[in-house]
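The values are calculated or read from the model by the stated rules, or taken from the named source; none is laboratory data. What you see is a predicted model, and the numbers here were worked out from it, not measured in a lab. Cβ: placed from backbone, ideal geometry, glycine included. Neighbour counts: every protein chain shown. To get the accessible areas, we keep the full protein, side chains included, count just its heavy atoms, and leave off ligands, DNA and RNA. Shrake-Rupley method; radii C 1.70, N 1.55, O 1.52, S 1.80 Å.
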Amino acid sequence: MSGGHATRIRQALTLSLAFALLTWIILSSALAGDDFAFRQSRIRLEDGVYYLDATIDSSFSEEALEALNNGVPLTIVIHLQIRRVNAWLWEDSLLDRQMRYAIRYKPLSERYEVYRLPGTSGRGFETREAAIRALGELQNVQLIAQDKLDQEEDYELQIKVFLDIEELPLPLRPMAYLKPSWKLSSEWNKWPLSP
């Protein structure tokens, strides 16, 4: 076999592998559902300050649940932004905050615990389902003072929820980076916020 022919075969194989990988990534993204979905949300104005109450349904993968049952804490991040409607990409947000919550199983007490980070203690639950439900309950989250909003502009609250892979134990991270079952996230959800 000539050197030129072997080079062409290697190039064709490389292109085929690259195409297969790209197809797998696209299909994985397309098949992935909303792992965190907002069942209900309410923004209320109280004493000149906006507050958020919301319920998030969490749908963890089997791998994540297995890790949780084996004592691995799972951390979710709730990313909140308040931006002008149709804002340019480079415009600053009026609010840009990340709230971090963790859920863990404590084998000695056979209980699940949900707590806000930073911190190490929180509310205890008898069942995993009750703990996951509590993980998605947001109450009285202070957003922004009404006087920070321009009366002439329209604003929206944007929220995204995702599993923080960086908080997993080091031995689990390489697998979590590569497997779609660990890339748990919602889309950006948007609600109008009127001054």
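Considering only the range 61-71, state which residues are in contact with a strand residue (DSSP E or B) (Cβ under 8 Å, 6 or more places away or on another chain) and surrounded by 16 or more Cβ atoms within 10 Å (Cβ to Cβ).
64, 67, 68
Which of (1) under 26 Å from residue 92 (Cβ atoms); (2) open to solvent by 40 Å² or more (accessible area, probe 1.4 Å); (3) of a type outside the set (S, T, N, Q) is the odd one out, the single condition residue 173 does not satisfy?
Answer for residue 173: the failing condition is (1).
Any idea how many residues of the range 129-155 are under 19 Å from the mean Cα position of the chain (by Cα) and either open to solvent by 20 Å² or more (accessible area, probe 1.4 Å) or among the aromatic types (Phe, Trp, Tyr) (or both)?
Summing the residues that are under 19 Å from the mean Cα position of the chain (by Cα) and either open to solvent by 20 Å² or more (accessible area, probe 1.4 Å) or among the aromatic types (Phe, Trp, Tyr) (or both) in the range 129-155 gives 5.
I need the full set of residues from the range 76-93 which are open to solvent by 60 Å² or more (accessible area, probe 1.4 Å) and among the polar types (S, T, N, Q), in order please.
86
To keep it simple, each residue is scored yes or no on (1) in contact (Cβ under 8 Å) with a residue 60 or more places away in the chain; (2) in a strand (DSSP E or B).
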position	(1), (2)
91	no, no
99	no, yes
102	yes, yes
109	no, no
120	no, no
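Residue 113 is checked against (1) in a strand (DSSP E or B); (2) surrounded by fewer than 11 Cβ atoms within 10 Å (Cβ to Cβ) and fails just one. What number does that condition carry?
Here residue 113 meets the rest and fails (2).
For the structure I just gave you, tell me whether residue 138 is among the aliphatic types (A, V, I, L, M) and assigned to a loop (DSSP other than H, G, I, E, B).
Numbers: among the aliphatic types (A, V, I, L, M): yes; assigned to a loop (DSSP other than H, G, I, E, B): no.
So residue 138 does not fit the description; no.
Within the range 178-188, can one find any residue that is surrounded by fewer than 18 Cβ atoms within 10 Å (Cβ to Cβ), more than 18 Å from the chain's Cα centre (by Cα) and not in a loop (DSSP other than H, G, I, E, B)? Give the steps one after another, and end with the answer.
So in the range 178-188, the residues surrounded by fewer than 18 Cβ atoms within 10 Å (Cβ to Cβ) come out as 178-181, 183, 185, 187-188.
Now restrict to residues that are more than 18 Å from the chain's Cα centre (by Cα): none.
Scanning the range 178-188 turns up no residue that is surrounded by fewer than 18 Cβ atoms within 10 Å (Cβ to Cβ), more than 18 Å from the chain's Cα centre (by Cα) and not in a loop (DSSP other than H, G, I, E, B).
Select from the range 70-109 the residues that are under 25 Å from residue 171 (Cβ atoms), modelled with pLDDT under 90 and of a type in the set (A, V, I, L, M, F, W, C) and list them in ascending order.
Selection gives 108 alone.
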